[in-house]
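Enquirer: Quick one: the structure is below, questions incoming.
The values are calculated or read from the model by the stated rules, or taken from the named source; none is laboratory data. This structure is a prediction, so every number in the text was calculated from the model and none was measured. Methodologically, a virtual Cβ is constructed for each residue, glycine included, from the backbone with ideal geometry; neighbour enumeration extends over all protein chains shown. When the accessible area is computed, the model is the full protein with side chains, heavy atoms only, and any ligands, DNA or RNA have been set aside. Shrake-Rupley method; radii C 1.70, N 1.55, O 1.52, S 1.80 Å.
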Amino acid sequence: MPATEEHLRNAAEILSSGGVVAFPTETVYGLGGLTLSVPAVEKIHQLKGRPADNPLIAHVLDIEGAMRVAAHWPDSCSKLAAAFWPGPLTLVVARASQVPRQATGGRDTVAVRAPRHPIARRLLELLNGQPLSAPSANPSGRTSATSAAHVVHDFQHVPQLMVLDGGACEVGIESTVLDMTAELPMVLRPGSVSAEQIGSVLGCHVGTKHSAEQGASPGTASSHYAPRTPAVLVKPPHLEEFLAAQREQCVVLMVAPLGAPGTVRQKHHVILMPELCEAYAAVLYDRLRAADAHNCSMIVIQEPSPQGGQWAGVIDRLRRATHTKASES
Ligand code: TXA
Ligand code: MG
């Protein structure tokens with residue numbers, strides 16, 4: 001549905017009565033319900049097929065809203081909010097007792113962020129700033145949704161689900177998740193706000209926890225964001241040789257300013273990816289979904305060379321989208 005004021009008001013009514021609505025944020029689409037409503041939070045888990053112990057992000061308008069879901073709000077969080085909110089940075093803080101455990105996967109912490117997408121903000125305003133818990137609007141473990149069409153595709157078996165259309169998401173990958181409950185801030189999920197940027201605001205070192213070592217953020221499981229077609233990540237120097245050795249047709253996601261070599265094009269289906277990080281992130285999930293739709297035997301992704309902090313989020317998603325049990329050993 002186009003996000004007209006009338007539809008936004010309908011959406012706010014659905015949410016106020018404990019229902020669930022899909023809406024755009026600047027990162028990816030979210031599947032939202034009131035944080036304080038246990039039935040809404042349970043419905044979100046059920047629709048996504050998400051394990052009950054995987055906590056949700058509470059979306060708020062501002063610091064004041066965040067303080068309502070947090071038991072303690074350190075000054076460092078205010079500094080980060082002043083620098084990056086509204087925007088794609090999620091802060092993990094101590095959970096206020098009024099936030100139901102079902103909304104935080106049973107944890108004593110809560111993740112909170114203020115989105116900057118005008119439709120998400122208008123929805124929060126119509127809810128008088130009540131927090132809205134929203135995971136990415138996709139079946140658990142699968143590629144996130146960055147357009148209303150992606151959400152409709154993924155939840156076609158839920159015809160009554162309201163999907164507010166805000167066009168394509170600007171950022172394209174999920175927010176940076178930062179744990180603020182430990183001695184030193186720790187990135188649990190990299191995103192477009194980099195550890196370096198966070199460190200320069202706080203004036204301290206910011207760690208990054210790699211997915212293999214975390215139970216701290218179950219959404220950071222080694223395999224996540226995965227297309228249905230098996231996918232592999234191949235370093236640029238090996239790409240041509242790797243593709244030449246494949247018997248069956250593959251879909252190839254590659255960055256090639258001068259176009260893919262003819263030998264690759266003759267045999268495989270090539271999808272060109274943008275060279276710049278922001279542009280790459282913005283189209284990543286849409287291209288992965290397009291690649292999946294080809295129903296080829298394999299999706300082959302040219303590994304971008306990590307050229308600084310902003311690529312960390314993209315490379316993290318690619319690694320997990322291409323993770324298989326076999327590659328774990
Ligand atoms: O950009 C985003 O963050 C999007 C939009 C809709 O805001 N949301 C999103 O939500 O990506 P979700 O549920 O798909 O991912 C939330 C991530 C998961 O990795 C989850 O485990 C982690 O945040 N998380 C949430 N609460 C946490 C907590 N209390 N402690 C540690 N990790 C937490
Ligand atoms: Mg998700």
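Enquirer: Once R0 is set to 22 Å, what does the formula 1/(1 + (r/R0)^6) return for the Cβ-Cβ distance between VAL232 and GLU275, expressed as a FRET efficiency to the nearest 0.05?
Expert: Numbers: r = 21 Å, r/R0 = 0.96.
Plugging the Cβ-Cβ distance into 1/(1 + (r/R0)^6) gives 0.55.
Enquirer: Within the accessible area of the chain, what % is carbon and sulfur when the probe is 1.4 Å and the other protein chains stay in place?
Expert: Carbon with sulfur: 53 percent of the solvent-accessible area.
Enquirer: Modelled label-to-label distance, ALA290 and MET162, 7 Å Cα→beta-carbon offset: nm?
Expert: Taking the simple label geometry, ALA290 and MET162 are separated by 3.2 nm.
Enquirer: Another question, if that's okay. With +1 on each Lys and Arg Cβ and -1 on each Asp and Glu Cβ, how big is the dipole of segment 54-193 about its Cα centre, in debye rounded to the nearest 20? Mind dumping the intermediate values first?
Expert: Numbers: 11 positive and 11 negative charges, 30 e Å.
Once rounded to the nearest 20, the dipole reads 140 debye.
Enquirer: Report the extension gain between GLN266 and ASP62 in nm, rounded to one decimal, defined as 0.36 nm multiplied by the number of residues separating them, less their alpha carbon distance. Could you put the intermediate results ahead of the total?
Expert: Details: separation 204, 0.36 × 204 = 73.44 nm, distance 5.24 nm.
Length gained, GLN266 through ASP62: 68.2 nm.
Enquirer: Next up: Helix 311-321: angle to the longest alpha-carbon principal axis of the chain, degrees 0 to 90, nearest 10?
Expert: Roughly 80 degrees between the two axes.
Enquirer: Which order do you get for ASP108, ASP286, ASP75 if you rank them by accessible area with a 1.4 Å probe, largest at the top?
Expert: On the way: ASP108 100, ASP286 70, ASP75 125 Å².
Greatest to least solvent exposure: ASP75, ASP108, ASP286.
Enquirer: Residues of segment 117-142 with the amide nitrogen closer than 16 Å to a label point 7 Å from the Cα of SER16, along Cα-to-Cβ, please.
Expert: 122-132
Enquirer: Rounded to the nearest 0.05, what FRET efficiency is calculated for GLN246 and ALA83 with R0 set to 51 Å and r the Cβ-Cβ distance? Intermediate results must be reported in sequence, preceding the final value.
Expert: Details: r = 46 Å, r/R0 = 0.90.
The formula returns an efficiency of 0.65 here.
Enquirer: Evaluate the charge dipole of segment 1-96 about its Cα centre and quote only its size in Debye, nearest 20, assuming +1 on the Cβ of each Lys and Arg and -1 on the Cβ of each Asp and Glu. Intermediate results must be reported in sequence, preceding the final value.
Expert: On the way: 7 positive and 9 negative charges, 57 e Å.
Computed charge dipole of segment 1-96: roughly 280 debye.
Enquirer: Choose one answer from ALA94, ALA256, ALA134: the residue with the largest mean-square fluctuation in a GNM of the chain with alpha-carbon springs under 10 Å.
Expert: In this elastic network of the chain, the residue with the biggest mean-square fluctuation among ALA94, ALA256, ALA134 is ALA256.
Enquirer: Determine the percent antiparallel among the DSSP beta bridges restricted to the chain, to the nearest 5.
Expert: Values: 16 of 41 bridges.
If we restrict to bridges inside the chain, about 40 percent are antiparallel.
Enquirer: A further question on this structure: Using only the alpha-carbon atoms, what does the chain span along each of its principal axes? Please give whole angstrom values in decreasing order.
Expert: 59, 47, 34
Enquirer: In the chain, how many lysine pairs have Cα atoms under 27 Å apart, counting only pairs 8 or more places apart or on different chains?
Expert: Working: LYS48/LYS209; LYS48/LYS325; LYS79/LYS209; LYS209/LYS235; LYS209/LYS325; LYS235/LYS267; LYS235/LYS325.
Step by step, the pairs that qualify in the chain add up to 7.
Enquirer: Per residue, what accessible area does segment 1-89 have, given a 1.4 Å probe and all protein chains present, in Å²? Mind showing how you got there, number by number?
Expert: Working: 3540 Å² over 89 residues.
Per-residue value: 40 Å².
Enquirer: If you don't mind, another one. Around THR104, with a cut-off of 10 angstrom between Cβ atoms, what is the net charge of the other residues, counting Lys and Arg +1 and Asp and Glu -1?
Expert: Residues close to THR104 contribute a combined charge of +1.
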